[in-house]
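*Asks:* Okay, handing you the structure first.
What follows is calculated from the coordinates using simple rules that are stated; it is not laboratory data. It should be emphasised that the depicted structure is a prediction, and the values quoted were computed from it without experimental measurement. No Cβ is skipped: glycine too gets one built from the backbone with ideal geometry, and neighbour counts run over all protein chains shown.
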Amino acid sequence: MTDTNALLQLVPKAEGRQSMRDFKSDQEVRWCPGCGDYAVLAAVQGFMPELGLARENIVFVSGIGCSSRFPYYMNTYGMHSIHGRAPAIATGLATSRRDLSVWVVTGDGDALSIGGNHLIHALRRNVNLKILLFNNRIYGLTKGQYSPTSELGKITKSTPMGSLDAPFNPVSLALGAEASFVARTVDSDRKHLTEVLRQAADHPGTALVEIYQNCNIFNDGAFEVLKDRQQAEEAVIRLEHGQPIRFGTDQTKGVVRDPATGDLKIVPVTPDNEADILVHDAHSTSPTTAFALSRLADPDTLHNTPIGVFRSVDRPVYDTLMADQLDTAVEQHGKGDLAALMTGGDTWTVVG
Amino acid sequence: MTSQVSSPAEQADGAVVGEQRKAAGEKDVRRLDRVIIRCAGDSGDGMQLTGDRFTSETASFGNALSPLPNFPAEIRAPAGTLPGVSSFQLPFADHDILTPGDAPNVLVAMNPAALKANIGDLPRGAEIIVTTDECTKRAMQKVGSDSSPLDDGSLDGYHLHPVPLTTLTVEALKDFDLSRKEAERSKNMFALGLLSWMYHRPTEGTEKFLKSKFAKKPDIAAANIAAFRAGWNFGETTEDFAVSYEVAPAAKAFPPGVYRNISGNLALSYGLIAASRQADLPLYLGSYPITPASDILHELSRHKNFGVRTFQAEDEIAGIGAALGAAFGGSLAVTTTSGPGVALKSETIGLAVSLELPLLIVDIQRGGPSTGLPTKTEQADLLQAMYGRNGEAPVPVVAPRTPADCFDAALEAARIALTYRTPVFLLSDGYLANGSEPWRIPDPDELPDLTVQFAQGPNHTLDDGTETFWPYKRDPQTLARPWALPGTPGLEHRIGGIEKQDGTGNISYDPANHDFMVRTRQAKIDGIDVPDIEVDDPDNARTLVLGWGSTYGPITAAVRRLRAAGESIAQAHLRHLNPFPHNLGTVLKAYDKVVVPEMNLGQLATLIRAKYLVDARSYNQVNGMPFKAQQLATALKEAIDD
């Protein structure tokens, strides 16, 4: 991805300089003190001026859940809709108004449980939406039931003997749903989060950004291993396009392809195998390697968790194709003439 | 010859209005004022196409008509079985007619199953054209008969025309490079040709239609036209068909103008496009395919040059969700569905009530509950439209009365949605959707102005003098809130399904505010300006028959029969079911008896009994078919005499 994408050019630019303050609404933020959502909100509000779009042409649409209160705090247009349906509503808005920058804010319950269908279909259509999926691996607003990303055996109020269902890996799911842009980041890493937002905003089509977000009330410390500076060095794999995939203290671990299975595996880097270390290619036409990367993390311990942009490829955008068909129809048949339409083929005249 | 023809006077509904006369071809021609034909065959026999073409020929000839397609939900049920029978009934007349007719005068049966499924509806003396080459032993066994009706005497009393339709069709197409199976497919066109001869229908339209339908397969077009002409010629030459019939154009039934034939779903689609033009807003349809509403999705998808966006969603919920999103962005937003889809959309309709955005929900009702009878008609979604949501969530309801009226009803629903910033239900049904009638094509300049004023700037001054925008500050007249589109500088605002503070639209859990908002949303809908209901009561009757929706045709036909028999009865028909016309209570109280015929178990009757404390009586039918005029007339007579 080089220059700002052509679709972004359809959205009017801000006239003057913007600051983070311009994007704060007058509403009091009501998340629990210490919630990871605050950090994401600050990062988004801080990033928006960099985007430089006219504030009135930005819309945030959300579903239901803690994170879905997000639009109230953004001084843009916004809709806090109903559970799971934000991608569908945003699809109608984005496909009818290409002059808008449309963002969806959703959570693991909202996007992957009740709204799973809308999410996968938005991804396969490649509607021009930026979807921020706040994943805290728990239901917060309903007070602590396990979610579709909770680890197997999770003890919660609704699963006192442990949850029975295997979790979704949102990145794997999105890649399987033909997503053209999939990234993962962490609420507490402002710099990384902002960089991922930058790339997502610049992507023509649906961008799915999974944000690991701490719920300090019902699932505190769920991502601690990725946040604690010392543990993170060993646990986090930072993906950068064009760079060898290495991590660990002093970059001593690397990802290589297993010639026997074709799958990826982690090895200690040695002078002998250094040349074999996989170079990350986010723009690869095939999603195979991106999918393999998404499977590296241990779902229980989160060790070997890649963050960054897994996949970012150009493919036709639904809104553009829809608009093109309208233009083509006018070219082929002329602008619609209601009188001619109503008259149709077979008519007869009754004279008075 | 004439001895073989049943006396026209015995025929169900058609009256002979002219004496027999000799046509040029030495055959008798009789003039009738009204005929009802029915074609029946396998779902794959092309009966609906045959019916459509005969309807178009008849409409372009200028007859009044009121067709009734009737087909199973299965696309191709096993051939030759009773569940697979598909039929098309068309009455046409030289005068205004309102219903598909009670009993056909003519039945074209393409196989024994079609004969068996339909014979019960035929009065003695009716003409039956039977495809003899389908009456094999095996075919008879499929419908549970050992003997052929052609020779077991079971059709005595009918005027039977045994025609080897399949053989004749194949014979007529022998010069074409077609397999026998391919040639057999044209037998419906042979039947259409024969019927067209019998009733003096113009044929140019059908030939033109076939050429255009099979433009990419000229051989198939030519074969179908050849079969069609062979059918016509068969009628002309064979001695079995001694008489043909003329039904004069219904000139007096129609005011001057240019007419076309139009189905309910087509009229509704055109109404939506017209509303978009009159509102100067782009049309956005979010929809999921469902019978019998899908034709609206198909039709609107063909008119992208009107700026129409059609979005086939992943499910019913996404269909209305996308529409609501488009409404937020300033489109004239529509979702189309049937009863099961409405159930799925309920939560989003509630959100639209809360957001107070314009949105049309088109419900082409079908038999329920659950999947019910997908291809049959019913009016049993009225209470779902009225009350099928959580919380107090009033939604206006508009119902068309005839197929062509779907056009005007769509414009009216759009007017209410746009003026009052509310979702609106448009309740059509399967009978209107697939039925058709002549429609006087309106001049676009006659259509109502639906232009909308979007919010452009601040609408409120705070105590400190600051100018601001309040998304829930209402118009004092309509109680509508401003519609501020994204992209308008300075009006950035957030809306949602959580209760909002009056005026500011901010989240509010305040008890008094919620009470106020619930009452205000109700008052907005109650205050919608709808025209008074008109009563047709020429002789100061004591009994009123009140209907809504597609029962208009049968009720009006029944009322005419009663009045012709010297009875007094008043008739009124509701287009607006929420809110009701403001004079409805007064009208109802002016009659001793109020009868409400409905294709449900009394949903409108329940509403008016609750609202007006009127002892309305229900007359109900839920068999998937429209009322028959005679049956309704009998029921109304009982009410009058009671």
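*Asks:* Angle check, please: helix A:36-51 long axis (alpha carbons) against the longest principal axis of chain A (alpha carbons), in degrees 0 to 90, nearest 10.
*Replies:* 60
*Asks:* Then there is this: Give the Kirkwood hydrodynamic radius (Å, one decimal) of the stretch A:292-352, defined as one over the mean of 1/r across all pairs of different Cα atoms.
*Replies:* Working: mean 1/r = 0.0565 Å⁻¹.
About 17.7 Å, per the Kirkwood formula over Cα pairs.
*Asks:* Now for a different question. So for each of A:7-15, B:457-465 I average, over its residues, the number of other beta carbons within 10 Å; can you give me the resulting order with the highest mean first?
*Replies:* Working: A:7-15: 14.9, B:457-465: 10.0.
Highest to lowest by the protection proxy: A:7-15, B:457-465.
*Asks:* Oh, and also: Quick one: what are the phi-derived ³J(HN,Hα) couplings along the stretch B:636-642, Karplus 6.51/-1.76/1.60 with θ = phi - 60°, whole Hz, x for glycine and proline?
*Replies:* Going residue by residue, I get 5, 4, 4, 5, 4, 7, 5 Hz, with x marking Gly and Pro.
*Asks:* Let me ask something else about it. Compute the acute angle (0 to 90°) between the alpha-carbon long axis of helix B:47-61 and the principal axis of greatest extent of the alpha-carbon atoms of chain B; round to the nearest 10°.
*Replies:* Roughly 90 degrees between the two axes.
*Asks:* Quick one: 3J(HN,Hα) in Hz for the stretch B:620-628, Karplus 6.51/-1.76/1.60 with θ = phi - 60°, rounded, Gly and Pro as x.
*Replies:* Karplus values, whole Hz, x for Gly and Pro: 10, 8, 10, 10, x, 10, x, 4, 9.
*Asks:* When the helix-only estimate is applied to the protein assembly as shown (DSSP H runs of n ≥ 4, each -39,500 (n - 2.57), divided by the residue count), what is the mean residue ellipticity at 222 nm, nearest 500 deg cm²/dmol? Could the numbers behind the result be given before it?
*Replies:* Values: 30 runs with 318 residues, N = 994.
Counting only the DSSP helices, I get -9500 deg cm²/dmol.
*Asks:* Would you mind pulling out the separation of the Cα centroids of the stretch B:530-606 and the stretch B:191-262, in Å?
*Replies:* 39
*Asks:* Another question about this same structure. Compute a Gaussian network model of chain A, connecting alpha carbons closer than 10 Å, and tell me which residue from A:37, A:263, A:250 fluctuates the most.
*Replies:* Checking each option, the largest mean-square fluctuation is seen for A:250.
*Asks:* If we count other beta carbons within 10 Å of each Cβ, what is the order of B:441, B:296, fewest first? Walk me through the numbers before you get to the answer.
*Replies:* On the way: B:441 19, B:296 27.
Lowest count first: B:441, B:296.
*Asks:* Still on this structure, I have one more. For chain B, what's the relative contact order in percent, using C-alpha pairs closer than 8 Å and at least 6 residues apart? Each step should come with its number before you reach the end.
*Replies:* Details: 1427 pairs, mean separation 71.5, N = 642.
Rounded, it is 11 percent for chain B.
*Asks:* How many nm is it between the label spots at residue A:286 and residue B:641, if each spot is 7 Å from the Cα in line with the beta carbon?
*Replies:* 8.4
*Asks:* If you don't mind, another one. How big is the convex hull of the Cα atoms of chain B, per residue, in Å³? Please report the intermediate quantities before stating the final value.
*Replies:* Details: hull volume 108.5 nm³, N = 642.
Normalising the Cα hull of chain B by residue number yields 169 Å³.
*Asks:* Would you mind ranking A:195, B:314 by Cβ crowding within 10 Å, fewest neighbours first?
*Replies:* On the way: A:195 17, B:314 20.
Ascending Cβ contact count within 10 Å gives the list A:195, B:314.
*Asks:* Calculate how steeply helix A:86-96 sits against the longest principal axis of the alpha-carbon atoms of chain A, using the helix alpha-carbon long axis, and give the answer as 0 to 90 degrees to the nearest 10.
*Replies:* Result, in degrees: 40.
*Asks:* Here's another thing I want to ask about it. Separation of the stretch B:105-182 and the stretch A:50-107 by C-alpha centroid, Å?
*Replies:* 62
*Asks:* Got a sec? How would B:575, A:184 order by Cβ neighbour count within 10 Å, fewest to most? Mind dumping the intermediate values first?
*Replies:* Numbers: B:575 20, A:184 28.
Fewest-to-most Cβ neighbours within 10 Å comes out as B:575, A:184.
*Asks:* Return the single residue from A:182, A:209, A:225 with maximal mean-square fluctuation; model: Gaussian network over chain A, springs between Cα atoms under 10 Å.
*Replies:* It is A:225.
*Asks:* Right, something else. If you wrap a convex hull around the alpha carbons of the stretch B:344-443, what volume per residue comes out, as a whole number of Å³?
*Replies:* Numbers: hull volume 8.7 nm³, N = 100.
Here the figure is 87 Å³ per residue.
*Asks:* Sequence-distant or interchain residues sharing an amide H contact under 5 Å with residue B:496, placed H: which?
*Replies:* Here the answer is A:80, since their amide H atoms fall under 5 Å of that of residue B:496.
*Asks:* Which whole number gives the average count of other chain Cβ atoms within 10 Å of the Cβ atoms across peptide A:318-326? Don't skip to the answer; put the middle values down first.
*Replies:* Details: counts 1, 1, 0, 0, 4, 2, 0, 5, 7.
What the average comes to for A:318-326 is 2.
*Asks:* Right, here's the next one. Just counting partner chain Cβ atoms within 10 Å, what average do the residues of peptide B:490-500 show around their Cβ?
*Replies:* Details: counts 2, 2, 12, 6, 17, 7, 12, 6, 4, 0, 0.
Across B:490-500, the average partner-chain Cβ count within 10 Å equals 6.
*Asks:* Order the peptides B:90-97, B:329-336, B:394-401 from the highest to the lowest mean number of other Cβ atoms within 10 Å of their residues.
*Replies:* On the way: B:90-97: 23.0, B:329-336: 29.8, B:394-401: 25.6.
Top to bottom by mean Cβ count within 10 Å: B:329-336, B:394-401, B:90-97.
*Asks:* Regarding the stretch B:28-247, what are the three Cα extents along the principal axes, ordered largest first, in Å?
*Replies:* Projected onto the principal axes, the Cα atoms of the stretch B:28-247 cover 44, 43, 38 Å.
*Asks:* Send over the Kirkwood Rh of the stretch A:120-265, from the inverse of the averaged 1/r over different Cα pairs, rounded to one decimal Å. Mind dumping the intermediate values first?
*Replies:* Details: mean 1/r = 0.0587 Å⁻¹.
Final number for the Kirkwood radius of the stretch A:120-265 is 17.0 Å.
*Asks:* Compute a Gaussian network model of chain A, connecting alpha carbons closer than 10 Å, and tell me which residue from A:267, A:171, A:236 fluctuates the most.
*Replies:* Comparing A:267, A:171, A:236 in a Gaussian network model of chain A, the most mobile one is A:267.
*Asks:* While we're here: Can you tell me, using C-alpha contacts under 8 Å and at least 6 residues apart, the relative contact order of the stretch B:185-254 as a whole percent?
*Replies:* Working: 66 pairs, mean separation 33.3, N = 70.
With pairs under 8 Å counted, the relative contact order is 48 percent.
*Asks:* Can you list the HN-Hα couplings for the stretch B:191-197, worked out from phi with the Karplus curve (6.51, -1.76, 1.60; θ = phi - 60°), rounded to whole Hz and with x for Gly and Pro?
*Replies:* Those phi angles translate into 4, 5, x, 5, 5, 4, 5 Hz.
*Asks:* Non-local amide H neighbours of residue A:207 (under 5 Å, H modeled in plane, Pro and chain starts lacking H): which ones?
*Replies:* The list, which skips near neighbours in sequence, is A:129, A:130, A:131.
*Asks:* For the ranges B:157-165, B:30-38, B:139-147, what's the packing order if you count other beta-carbon atoms within 10 Å of each residue, average per peptide, and put the highest first? Walk me through the numbers on the way to the answer.
*Replies:* On the way: B:157-165: 19.2, B:30-38: 22.4, B:139-147: 15.0.
In decreasing order of mean packing, B:157-165, B:30-38, B:139-147 become B:30-38, B:157-165, B:139-147.
*Asks:* Expressed as a fraction of 2.2 N^0.38 Å, the rule-of-thumb size for a compact globular protein of N residues, what is the C-alpha radius of gyration of the stretch B:268-442?
*Replies:* Numbers: Rg = 14.3 Å, N = 175, 2.2 N^0.38 = 15.7 Å.
That ratio works out to 0.92.
*Asks:* Translational D (Stokes-Einstein, µm²/s) of the stretch B:535-641 at 4 °C and 1.567 mPa s when Rh comes from the Kirkwood sum over C-alpha pairs? Please report the intermediate quantities before stating the final value.
*Replies:* Values: Rh = 13.7 Å.
The diffusion coefficient I find is 95 µm²/s.
*Asks:* If the viscosity is 1.002 mPa s and the temperature 20 °C, what Stokes-Einstein diffusion coefficient in µm²/s follows for chain A when Rh is the Kirkwood radius over Cα pairs?
*Replies:* Once the numbers are plugged in, D ends up at 99 µm²/s.
*Asks:* Please work out the Cα center distance from the stretch A:220-296 to the stretch A:304-344, rounded to the nearest Å.
*Replies:* The two parts, judged by their Cα centres, are 38 Å apart.
*Asks:* Counting only other chains, what is the mean number of Cβ atoms within 10 angstrom of the Cβ of each residue in peptide B:325-334?
*Replies:* 6
*Asks:* What is the set of long-range amide H partners of residue A:74 at a cut-off below 5 Å, with H atoms built 1.01 Å from backbone N?
*Replies:* Close amide H contacts, sequence-distant or interchain: A:25.
*Asks:* What translational D, rounded to a whole number of µm²/s, comes out for the protein assembly as shown from Stokes-Einstein when the hydrodynamic radius is the Kirkwood one over Cα pairs, at 4 °C and 1.567 mPa s?
*Replies:* On the way: Rh = 31.8 Å.
Approximately 41 µm²/s, per Stokes-Einstein.
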